[in-house]
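> Can you keep this structure in mind? I'll have questions shortly.
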Amino acid sequence: MSWTIAISVLGLLGLVWPLIRQRSVMPPTLPLAPLSPALILFAGVLLWAAAQGWPGLPAHWAHPHWAHPLWAVARDHGVAGANTVSIAPYATGTGLLRLTGYALVFWLVLNHALSRRRAERLLDILAAAGGLYALYALVVHLSGAETILWYRKWAYEGYLTGTFVNRNSYAAFAGLSLLCALAAVARRLEGERLRPAVLVRHLKRRTALFALVAVLIALSQLASDSRAGIMATLCGLIVFATALAASRGGRARPGAVAGIAALCLLFIAAWGATVSLSETMVELGSDRLQVYRLALGALAERPWLGHGLGAFPHLMQELRTPAQNTVWTEVHNTYIELALELGLPAAAALLAALFWLILRVMIGLARQRDARIFCALALAGTLQIALHSTLDFVAQIPAVTFLWMALLGLGVGRAEVRRSRWWAQENGGVARENSLSQAALS
């Protein structure tokens, strides 16, 4: 229910956004050329996901599930969905709706982020919202109430989960929120020497408030006891701090940006080696390892067409063995699940679209003097989710991905602002926006 309401609201915002742009005094517009590779790749993924649930494709593309004698009657009578690529067309439609919602968040934030004042306001709102969620989570956890809002917990009793069912999902959300809070603090300290007198002066401003928010979020994440979430967040924090240090006093040099990229790759390699060589996977249980094997086996059967976006829970009912008592609705590895559901080409296209956006963010870090905090935030948040998604399904939780897409939209929007009409019409608009921002800080 919650994500359906969120998608509906996003749809309404997407519909009224053109009207808002027309009524705005200086509507921010961005040429699509810099983002066209990502847009084309993502559009191709959406089209393929829609095709997976359409019964009009060649019959030999249909999922073998439909050849089962139990579905012979439905197939012979031409029932919709009886000859689709997807094993579960309705679930594929739902997955398509979610992907569209995530893209809408990115697109709306991207357009608003062309204004520095709007971008800073949104960053503060995201940080404050994360602080409120953390405060609620800590109060509920310390009170001993095993509830999620007004519901009795049915999983992860004794762990802090906030408004989430899974502690790992909350840890991922808290990690992104922590990055937002620290970015809000860094923005207010930007250009200042960190002397005692300066820090005392900032105690009278919102800087101290957001520092307190960061402490609350960090405490709540630690109380979740999610090892993967905490480690992924630490990697993100290191990249965030490194990116800010590399661009201190202005834009980052290309060599520094290359060093940040190498650091990200090092984290990914170290993460993979740690998981594969340690006992982590054994501690997670043999069931999860069996699910990985089943998923990879199913991927090998249909590597190009896939089994249908969002269809893994239905596929698992056919794949599971009598020895598996647990009902698995996710693979607990987003990359394997994407390849399994969409097929290797479409999954690679989706990841390539995200990679292109990150590439634009890193170019912005090297070229845009006033975008460094937002670019560093988008880069760190993406790395955090990328690492955590190897062991869990945090990127498949709408609340987490909504926040991630918002951070990515902020980074790309600020990185590409010089290409927009907003920049040109303001006649050196960043100076005007910076003066407004500095006035707001006092």
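> Tell me, what % of the accessible area of the range 140-182 is carbon and sulfur with a 1.4 angstrom probe?
About 60 percent, which is the carbon plus sulfur part of the accessible surface.
> Rank-order 168-180, 297-309, 224-236 by packing density, defined as the average count of other C-beta atoms within 10 Å over each peptide's residues, highest first.
Top of the packing list down: 168-180, 224-236, 297-309.
> Another question about this same structure. I need the phi-derived Karplus couplings for the range 148-157: 6.51 cos²θ - 1.76 cosθ + 1.60, θ = phi - 60°, integer Hz, Gly and Pro marked x.
Values per residue, Gly and Pro as x: 10, 6, 9, 9, 6, 4, 10, 7, 6, 5 Hz.
> Calculate one ³J(HN,Hα) per residue across the range 260-269 by plugging θ = phi - 60° into the Karplus curve 6.51 cos²θ - 1.76 cosθ + 1.60, and present them in order as whole Hz with x for glycine and proline.
Computed from phi, the couplings for the range 260-269 are 5, 4, 5, 5, 4, 5, 5, 4, 5, 5 Hz.
> Each residue of the range 354-364 in order: what ³J(HN,Hα) in whole Hz does its phi give by Karplus 6.51 cos²θ - 1.76 cosθ + 1.60, θ = phi - 60°, with x for Gly and Pro?
The phi angles translate into 5, 4, 5, 5, 5, 4, 5, 5, 5, 5, x Hz.
> For ILE148, enumerate residues with amide H under 5 Å from its amide H, sequence gap 5+ or separate chain, H modeled in the peptide plane.
Hits under the 5 Å cutoff: LYS153.
> Hey, another quick one. From a point 7 Å beyond the Cα of ILE40 in the direction of its Cβ, which residues of the range 352-373 have a backbone N at a distance under 19 Å?
Output list for this probe position: 352-361.
The values are calculated or read from the model by the stated rules, or taken from the named source; none is laboratory data. The model shown is predicted, which means the values in this text are computed figures rather than measured ones. Note: ideal-geometry Cβ built from the backbone for every residue, glycine included; neighbour counts use all protein chains shown. Ligands, DNA and RNA are stripped out before the accessible areas are found, and what is left, the full protein with its side chains, is counted by its heavy atoms. Shrake-Rupley method; radii C 1.70, N 1.55, O 1.52, S 1.80 Å.
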